[in-house]
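Taking it in order: structure first as structure tokens, then the write-up.
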Amino acid sequence: MGTRCWPGWMIAGLICGVALMRPIPALAAGAPPGAIAELVGQVQVAQGTTLHGDVSVLAGSVEVEGTLDGSVSLAAGQVLVGSQGVITGGVTFRVGQLSVAPGGRVDGPVNADGQQTPNLICPASSPTPCVVQATSTGLSLGRATRVVTVTRAGLPAHLLRALGWPAWVPTLARVLGWLGLLALALPVAAVWPRSLGTVVDQIARDPGRSVLVGIGALVLAMPVLLVVSITIIGIPLAIAAALALVGAWFFGYVAVLALLGTRTLQGLFSRPANVLTGILLGSLLLELAGWIPVLGFLVRLAVASFGVGAVLLTRFGTGQRWFGGQSGGGPVGGPPQA
């Protein structure tokens, strides 16, 4: 593989991105006054706390379980007010919705895409949250047909409370899932280092071709599998192809971890890096990026595209072409070892 150290600056970029775009909770009661402005992300006011100042978000969400002593401005997204939540000022948004749980309230005017209501106080006896929604068709005011107050991980908070689960369960499940993938990735690198090195070399040598082939495979996979599975004979073939695609995704995922981690370590310390250490670091970087709204999804899509494309181009790391001969390019071997 080459010796370029482009990921050396990526670690700083990812850490800065997490710092700038992560949800901002008001953790301490009587938080100091001051406005909060976010481009893309979440602002959270925890239950039992008070945040003094206005909140502005271009695209994202504002979640108020405590008291927000100020107003909320949102271009696109949602404002969620919990059962103990209070917004003393108004709420203004262009596209999205304001959802107030029973017992919560917005004391100031609600301006949804230019149409205004004096306030929004949801009675504690209401069976569902009260909602103001602004769409391309105008303003809608009424009761929600479904619970829209969500936790950071995206599961309905009311459902978690109904099951007796704390709100941190989705976060814990995500962390455990990440650790599970990491626990599978390390043995793969130890058992098939040569095949993994071939895939890593393919990504490093020809990233453009790898990502194009990966995108094409991911886009065409579902319709092709559906067509093949129409007949009884084709069902086993479709199942086998689906399993092969999952295997290609995971092997490519491990290869991307190895490339990202080893290149980052090389850039930081100017010496070859151990592949297992690289996988650990690469996994951590990708997981941190995955928590960034919007960007996290794009990063995961890019990882899948690079990985699947490289695995297919190298015929699952064998270095052979699908129709005879060897795939061209750099040497076949494992990622750099210490």
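Observations, loosely collected:
- Failed item, numbered, when R315 is tested on (1) in a loop (DSSP other than H, G, I, E, B); (2) over 16 Å from L186 (Cβ atoms); (3) in contact (Cβ under 8 Å) with a residue 40 or more places away in the chain: (3)
- Of the listed requirements (1) within 21 Å of the chain's Cα centre (by Cα); (2) at pLDDT below 90, W249 misses just one: (2).
- Selection count where residues are small (G, A, S) and under 14 Å from W249 (Cβ atoms), scope the range 196-215: 2
- Pairs, first free of Cβ contacts under 8 Å to residues at least 40 places away in the same chain in the range 256-281, second surrounded by fewer than 24 Cβ atoms within 10 Å (Cβ to Cβ) and in a loop (DSSP other than H, G, I, E, B), C-beta under 6 Å, six or more apart: L265/A273
- The residues of the range 92-109 that are among the polar types (S, T, N, Q) and touching a residue at least 24 places away in the same chain (Cβ under 8 Å), listed by number, are Q97, S99.
To keep it simple, each residue is scored yes or no on (1) outside any helix (DSSP H, G or I); (2) in the same structural domain as I215 (by TED's automatic domain parsing); (3) surrounded by fewer than 18 Cβ atoms within 10 Å (Cβ to Cβ).
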| residue | (1), (2), (3) |
| --- | --- |
| A240 | no, yes, yes |
| A248 | no, yes, no |
| G252 | no, yes, no |
| A255 | no, yes, no |
| R271 | yes, yes, yes |
| T277 | no, yes, yes |
| G282 | no, yes, no |
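- Test for E63: is it modelled with pLDDT under 85, buried (at least 17 other Cβ atoms within 10 Å of the Cβ), outside the structural domain of G290 (by TED's automatic domain parsing) and of a type in the set (D, E): no
- When V228, V246 are checked against the criterion of being among the hydrophobic types (A, V, I, L, M, F, W, C) and either touching a residue at least 12 places away in the same chain (Cβ under 8 Å) or touching a Cys at 6+ places or on another chain (Cβ under 7 Å) (or both), V228 stands alone in meeting it.
- The set of residues in the range 288-338 that are modelled with pLDDT of 85 or more, of a type outside the set (A, V, I, L, M, F, W, C) and surrounded by fewer than 18 Cβ atoms within 10 Å (Cβ to Cβ) comprises R300, R315, T318.
- Whichever residue in the range 170-187 is over 14 Å from L288 (Cβ atoms) and in contact (Cβ under 8 Å) with a residue 24 or more places away in the chain and, among such residues, is surrounded by the most Cβ atoms within 10 Å (Cβ to Cβ): A185
- Meets criteria (modelled with pLDDT of 60 or more and either surrounded by 18 or more Cβ atoms within 10 Å (Cβ to Cβ) or not assigned by TED's automatic domain parsing to the domain that holds L284 (or both)) for L160: no
- Selection of strands (runs of 3 or more DSSP E) fully inside the range 69-130 by the criterion of at least 1 residues being within 26 Å of the chain's Cα centre (by Cα) returns 72-81, 91-100.
- Condition broken by I87, with the remaining ones in (1) surrounded by fewer than 22 Cβ atoms within 10 Å (Cβ to Cβ); (2) within 25 Å of S125 (Cα to Cα) satisfied: (1)
The values are calculated or read from the model by the stated rules, or taken from the named source; none is laboratory data. Being a predicted model, the structure only gives us computed values, none of them experimental. Reconstructed Cβ throughout: ideal geometry from the backbone, glycine too, with neighbour counts over all protein chains shown.
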